[in-house]
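First the structure, in the form of structure tokens, and then the observations on it.
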Amino acid sequence: MGIVLKQSLSNTIVTYIGFAIGAINTLFLYTRFMKPDNYGLIQVILSVSAILMPILAFGVPNTVVKFYSSFKDHTKQDSFLTFILFLPLVLIIPIAFLSFFANDFIGNILANKNPIVRSYVWHIFFVGMAMAYFEIFYAWARIRMKSIFGNFMKEIFCRIVQTVLLILLWFKVIDVYFFINALVTAYLLRTLIMKVYAFYLRKPKINFTLPYNWINIVKYSALIILGGSTAIVLLEVDKVMLNNFLEIDNVAYYAVSGFIASTIAVPSRAMHQITYPLTASYINNKEKPALKTLYQKSSLTLFIVSGILFLLIFLNLDELYKLLPNNYANGFMIVFWIGLAKVYDALLGNNNSILYNSDYYRSILFFGVLLTFMAILFNLWLIPTFGLNGAAIASFSAFFVYNTLKIIYVRSKFKIIPFTRETVKVFILLVAIGCIFWFVDFPFHPIVNIALKSLLMLMVYVGVLYKFRISDDIYQFINKTLRR
């Protein structure tokens, strides 16, 4: 776990810096410098683009990680890398033609409730394509065990661009239409920079000889489209469907609360950048004991971090909402349900990596497709009934079923589970801290209250973890920190 912990920690720092910038943008700049309907429009564009991304990528980011380590010869590696660079064009080109010839039809579907969305079909396509190739070049870097720069570009670059654009918008240097065009350009530029870095790490030698297992590669990639689409759909479909049922400013309100809850997922995102290629290597080399250790340690570490983040956010939510405009301050249940989904997701550790890099990925993709439809049905049922809260409940329900099935499936095929006795200990500790600090409040400014309450919770939590040595990785990390 040495390289995992080192790069995960660096990635966590980078990701949290990105989230800090995103928090400034989401909670303060967007809510004050842009009208809710325009902010909702941007959220719809980015959410639809994110759903389109795994389709345009043709599953290649996962394919790079899974198959690269199986090619031992440089010539074969070059053939493989050349093949996967051009493979996404199989879908990008026809979808581009479809966007051109059916622009009005697609726009009318997206603008069913909110006509403002109708004119942005091409913006969605270009952002989706940029996201797709960015993930491909990011995977290219990760197979070299270099994930930090890519994580910086993923988490920080576009957020800094948004900060600058929001300030320019506030001073009326630009208008909203220029803002959206500039944001699309930023996503394209980010992909170009990532390409240069990836090629610096592993300069490609174009070799159009097909890999010996190219049929298996294409089959895997095509099936992974479904798996990648499932994960993204479960994350983004709520905002897209809110656009079809409610006024577009509601998408902005939901996005703010969703962003608050999504900070819980930061450690998971950071750790997965390095555990994914490690998992692929363990599976390819049939190192089952190492796989089991990685599975359980990643689950415990992520549960420890995500669990306390959930409590820090939810128990300070009253104070946080006092800092926001009134229209954005009614998302308690949204944060609760999405936050719980993120914690459960963290509990799975590197479960996704195991499934997508094993020979059993076909079966789990069937569950993914099934649950994509389930998520859509949940939203169709719950949004008209419960509004914004219905979208959050729908997301939690879909994630709960999906993640539970994945745990059961890995258990049945690999005879390993992510949970240990330490998982139960952490759960009891979190419940105890939640019950104690639910009643703790201070009569100061909201920022002071949040800082003071969070500090007390962390002192108790870290103290108990260290005293009883519940996690060896966390214990060693605290020891190193204290020595420094």
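The values are calculated or read from the model by the stated rules, or taken from the named source; none is laboratory data. All values reported here derive from a predicted model rather than from experimental measurement. Methodologically, a virtual Cβ is constructed for each residue, glycine included, from the backbone with ideal geometry; neighbour enumeration extends over all protein chains shown. Protein only, heavy atoms only, side chains kept; ligands, DNA and RNA dropped before computing areas. Shrake-Rupley method; radii C 1.70, N 1.55, O 1.52, S 1.80 Å.
Observations on the model:
- Taking every C-alpha pair closer than 8 Å and separated by at least 6 residues, the mean separation divided by the residue count of region 361-484 gives a relative contact order of 15 percent.
- Along its three principal directions, the equivalent ellipsoid of region 93-208 from the Cα gyration tensor extends over semi-axes of 30, 21, 10 Å, largest first.
- Under the simplified labelling scheme, the Phe386-His445 pair shows an inter-label distance of 3.7 nm, with each label point 7 Å from Cα along Cα→Cβ.
- For Lys322, the lysines whose Cα falls under 25 Å of its own Cα, not counting residues fewer than eight places away in the same chain, are Lys35, Lys239, Lys342, Lys453.
- Exposure ranking of Met459, Met145 by accessible area [1.4 Å probe, largest first]: Met459, Met145
- Using the Cβ-Cβ distance between Leu168 and Phe199 with R0 = 35 Å, the FRET efficiency computed as 1/(1 + (r/R0)^6) comes to roughly 0.60.
- Largest to smallest in accessible area, the residues Lys425, Lys286 fall in the order Lys286, Lys425 (1.4 Å probe, all protein chains included).
- Thr481 contributes an accessible area of around 80 Å² to the protein surface, as traced by a 1.4 Å probe with all chains present.
- Length released on extending from Phe105 to Lys413, taking residue separation times 0.36 nm less the Cα-Cα span: 106.4 nm
- Within the assembled protein chains, the solvent-accessible surface assigned to Lys322 is about 130 Å², based on a 1.4 Å probe.
- Here the relative contact order of the chain, from alpha carbon pairs under 8 Å that lie six or more residues apart, stands at 21 percent.
- Global geometry of region 1-117, whether rounded, prolate or oblate, following the gyration tensor of its Cα atoms and the 1.5 cut on a/c: oblate
- D (Stokes-Einstein, µm²/s), Kirkwood Cα radius, the chain, 0.692 mPa s at 37 °C: 141 µm²/s
- Where only DSSP H runs of four or more residues are counted, the chain gives -26500 deg cm²/dmol as its mean residue ellipticity at 222 nm, each run worth -39500 (n - 2.57).
- In this view, the solvent-accessible surface of His272, computed with a 1.4 Å probe and all protein chains in place, comes to about 60 Å².
- FRET E, pair Tyr360, Arg144, Förster distance 41 Å, beta-carbon r, rounded to 0.05: 0.90
- Rounded Å value of the spacing that divides the Cα centres of region 80-102 and region 201-225: 15 Å
- Rel. contact order, % - alpha carbon contacts under 8 angstrom, at least six apart, region 144-236: 28 percent
- Derived scalar couplings ³J(HN,Hα) [region 474-481; Karplus, 6.51 cos²θ - 1.76 cosθ + 1.60; whole Hz; x for Gly, Pro]: 5, 4, 5, 5, 5, 4, 4, 5
- Under 21 Å from the Cα of Lys292 - lysines, other chains or at least 8 residues apart: Lys6, Lys66, Lys406, Lys413, Lys415, Lys425
- Here the gap between Phe427 and Leu456, fully extended at 0.36 nm per residue and compared with their Cα-Cα distance, gives a gain of 8.6 nm.
- Among Lys154, Lys239, Lys413, the order of accessible area from largest down is Lys413, Lys154, Lys239, computed with a 1.4 Å probe on protein heavy atoms.
- Region 1-97: trypsin sites (Lys or Arg not before Pro) in DSSP coil with no more than 14 other Cβ atoms inside 10 Å: Lys72
- Electrostatic bookkeeping for Lys172 treats Lys and Arg as +1 and Asp and Glu as -1; over the other residues with beta carbon under 15 Å from its beta carbon, the sum is +1.
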